[in-house]
1. May I ask which residue of B:V472, B:A415, B:F336 lies farthest towards the positive end of the charge dipole of segment B:335-497, with charges of +1 (Lys, Arg) and -1 (Asp, Glu) on Cβ and the Cα centre as origin?
2. Evaluate E = 1/(1 + (r/R0)^6) for B:K41 and B:M1, where r is the Cβ-Cβ distance and R0 equals 35 Å; express this FRET efficiency to the nearest 0.05.
3. Taking only the alpha carbons of chain B, what extent do you get along each of the three principal axes, in Å, biggest first?
4. By its C-alpha gyration tensor, with a ≥ b ≥ c as the square roots of the eigenvalues, how is segment B:240-282 shaped: rounded for a/c under 1.5, else prolate for a/b larger than b/c, else oblate?
5. May I ask for the distance between the Cα centers of segment B:270-308 and segment B:21-39, given as a whole number of Å?
6. Sort B:V77, B:V633, A:V61 by Cβ crowding within 10 Å, fewest neighbours at the top.
7. Compare the Cα positions of B:T533, B:L660, B:T613 along the charge dipole of segment B:515-660 (+1 at Cβ of Lys, Arg; -1 at Cβ of Asp, Glu; about the Cα centre) and return the one farthest towards the positive end.
8. Take peptide C:104-114, look around each residue's Cβ out to 10 angstrom, count Cβ atoms belonging to other protein chains, and average those counts.
Amino acid sequence: MSDPSGEMRELAKKLLENGEVDRIIGWEKGNLWYQSPPLFITRAEETDRLVFDDFAINSLVTYLLDERDSGKKTGIFVKGCDSRGLVRILQDKQIARESVYVIGLPCSGKKDPRQALSSGASESSQVPPAAKCEECLYPNPVIYDVIIGEAVEAKAKGDRFAAVKEIEAKTADEKYAYWTSQYSKCLRCLACRNVCPACNCRECAFDISKPRILAKENNLSHNMVYHLTRAFHAAGRCVECGECERVCPMGIPIMQLNKKIIKEINDLFGPYEAGVKLDETPPPLGTYQTSDPEEFM
Amino acid sequence: MKRVGVFVCHCGSNIAAVVDCERVAKEAAKFPGVAFSIDNKYMCSDPGQDLIKKAVEEHHLDRIVVASCTPRMHEPVFRRATENAGINPYLFAMTNIREHVSWIHTDREKATEKAIDLVRMAVAKVLHTVPLEKSSIPITKRALVIGGGIAGMQAALDIADNGNPVVLVEREPTIGGKMPMLDKTFPSLDCSACICTPKMASTDQHPNITIYTHSEVERVDGYIGNFQVTIRQKAKYVDHKICTGCGLCETKCPNKKIPNSFEAGMGNRTAIYKAFPQAVPNKPIIDAANCRKLTKDKCGVCAKVCPTGAIKYDDQDELITIDVGAIVMATGYDLFPWKEAYGEYGYGKYPDVITGLQFERLVNASGPTSGHILRPSDGKEPKTIVFIKCVGSRDDVKGKAYCSRTCCMYTAKHAHQAVDKIEDSHVIVFYMDVRTAGKGYEEFYQRTVEDGVHYVRGRVSKIYQLGDKLIVRGEDTLLGEAVQVNADLVVLATAMVPSAGSGEIAHIVGFSTDKDGFYQEAHPKLRPLETFTAGVFLAGACQGPKDIPDTAAQGSGAAAKASAVLSNRSMETDPLISQVNDAVCAGCGVCVGICPYRAIELKEITQRAGGKTIARRVASINSGLCQGCGACVAACRSGALDLKGFTNQQIMAEVDALCL
Amino acid sequence: MSVKSSDAQEAWEPKILAFCCNWCSYAGADLAGLNRTQQPPNVRIIRVPCSGRVDPQFIMRAFQDGVDGVLVAGCHPGDCHYSTGNFFARRRFLLFQRIFDYIGIDPGRLQNRWISGAEGDKFAATVSKVTEDIRALGPNRKLRDEHE
């Protein structure tokens, strides 16, 4: 893939200069070779800082939520996975389509800074592709105003639900032991919630005091309820961007629960991919079929 | 500090025989928030209710818990008692220690423990209640009836007789619906037009009824008592205020070969026309698509001959808005489009294979053949006539799974008429079953059989033309042998389906349809005339296939329902409905699609955020429409929605109390 | 009676929470009472307007608090007093049961049934069956908030 940075900068510059957008969200090169953090710019002369390299892994779309009341228009760069998150936010009516100028970037996979650090690599070519990119089904943006670069082919290989099936094969006690070992690590830092495009409520249920869903104390029971609740709130809405798991400082396999839910929704209610079509019908739990499976009798 | 009073009822010995009520009351006294607790022989009796009042005075109680029988029975009684004691009636909780404890358990210890748990849960719930007020919504004393067939006319007349104004909207240029097309009605063989057209005239002349024909309902907003309806009066090109209905224009119109839908395609009409001589209103309209003046700017004969100058070629559609308090749906039925489905009957390519409704026109004295049964192809009188029942009905492969209910009887009537009118006729009916549930119906069917009509049990598998005969092949399943009839005319008893466009109008008015597109009643047994949308009622075949007596009965029934709504100036609404916390609501709108009552919409609010005023959209509950099911609440992720009386906090408190 | 102390004892009795919709299942429970149909005393009912009102959050809280099983009962599909509430409930709990199973909580601990107001016998039989099932599974410790 050729470096689209030049085109990105040129376009961003034009958009800011002619006043079509008030700001641009993209990526810039960080202080370290394995970091490309988000970049927020409002002036045309800053556009030279934009990059789209191996480490432009962050989804930028949840930053749009910070501006949802500003009335300003944002130009935003999206990869395939990010674009589905954007569809999620648009479908949930959190921002208006007109308030965002979407610049699509086909993506053949990014790299995870933490893997770069832990692998002891000294340059990008030595770093393996990020875990979440290995299962990518939508490398090309599903929504955009303009696209930069050639479409790339999805490289998802193998069974998307392999890890889920491995867990399913365990006994109940083994499953519980597995999950408690994971959830007991949780710090309740809420990074997964904060990065999730499906977690776009203004006030989160966890922050409401009447009734209080979670105790303030950090214990296993409440950690489990935290993760189950969040997964259930995202059920049928999760766009599989994998950001929750990527940002988790404790390495909790958050997507293994989300993927289980995706698998079951497909099994129970028919094929469904969240965040792919902007004008699709309500998410699976916001609708029903009279012919849905009947197990309750 | 909240002060709860707990009252444990013995219900004579109904509860006390199994539950140690005294112990329950003693335990309850220890629960947090409980200021007073007592057991009593009969809480629902006057002394029992007085006990609540006295206890409230003496112990300054502000919340009441009664542990007794099922709240499905006495909750209103104890709410009133709470109110009489000077406490808001919703600061009350009831728990069931009779049906759910004493009547189903024998172990006194365990039953008493369960009763204590239940009281603890009720106390926990009542601690989180807030005072609620019933609200009142005004009622517009006017009804809308959609559809002017027999159901709609009956409903309109009955509502109007009740003293309330009615607006009747009919899509066709005349009211009357399908009934005036019929010749005779089973089982009495009354002339259909003779009993239907007076009803049309009464409807037209009733001072409380306003009729809009050639009109459609385009938009409905609002809710029970307060609907705003927009009606599109389609251009008629004839000023009915001036027109006298003399009919001269019709005789002079040069375009005379337009198939007349009133004749079910068996006869023609002109471009300026009345559907039939007794049409109401008895004034013509111009069919714009077939008028030479309106399509090609030629002709103009009608305007020249009209003695009153009523022709208005520049007429436009007009939008009329009215407010109504209740709506009756009476949109009727259409016939199943058999030509698209039944290849074995020729897909409609044989002119002498007709429907029952076409047969009605053939046998009708005012029809295209003046009541002589003549076959469409050559105008000859058929001698051998085959009737086929269940065409599209009871056929889930090609048609509909349901029974259309009327076909057995009208086919018997047709067969009887054929035998009666045609000498030496040979009439065969192919049937699956003969269903004659109705007053005098079985007797009529037996008479038809005695008349000499030959009933063959079996489906017809093939019809084809051979010379001037239709070869009808089927099987007599009772004899187990193949049957072939060389027929002159074949009449199909086609299924009833919802009328064209009925789904769209259901969507406009805002209620649901069933799997076959018929209108969904609120309960199949006990609320057959209501929809899930308060203030919208159903009458006639729009709800499912039915005959004239059932249709008329439903028309009257729906009118009674609508009149009950209109009988008051205002109505109280239950406060146990959903509410929105605007500050929390993100306006995602998932609740909007879940609400079965269309009670939620997104409305714009302004609020202060980040030091400035912003406008954004949040969910908003219409208290006239919300029925308090709580489906939206469980779907709301943030907890912005809550159900008054069953709040998240109340239910969580009950759950917690169970395990304290 | 405290659940926590009781399951330490030998005579452990399962504690089961039932959510019953007001129009069908709660009425079915009433009918069972009217018919004096005997049932195990382990189930406590919370009355809700509709099975569609039941939030999985309530169920998680119940297990945190220490119940051994939860029953959610509503009108039969197509008979919902509110037309469609139980169809949403059906989707919600079909999925939620599978999530429970996936994290290692026996699906028998969360049961769903359609029980009409006319089905008093079915209500009683359901209570008996669910109680038996939960008894066989033993006390639940999973998801329980021990620090409360």
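1. Value computed over the given set: B:F336.
2. The formula returns an efficiency of 0.70 here.
3. 96, 68, 45
4. Oblate, since a/c reaches 1.5 and b/c is not below a/b.
5. 83 Å
6. B:V77, B:V633, A:V61
7. B:T613
8. Averaged over the peptide's residues, the number is 3.
We did not get these values from a lab; they are worked out from the coordinates using the rules stated. As the structure is a prediction and not an experimental result, all values here were calculated from the model. Every residue, glycine as well, gets a Cβ built from its backbone with ideal geometry; the counts of neighbours run over all protein chains shown.
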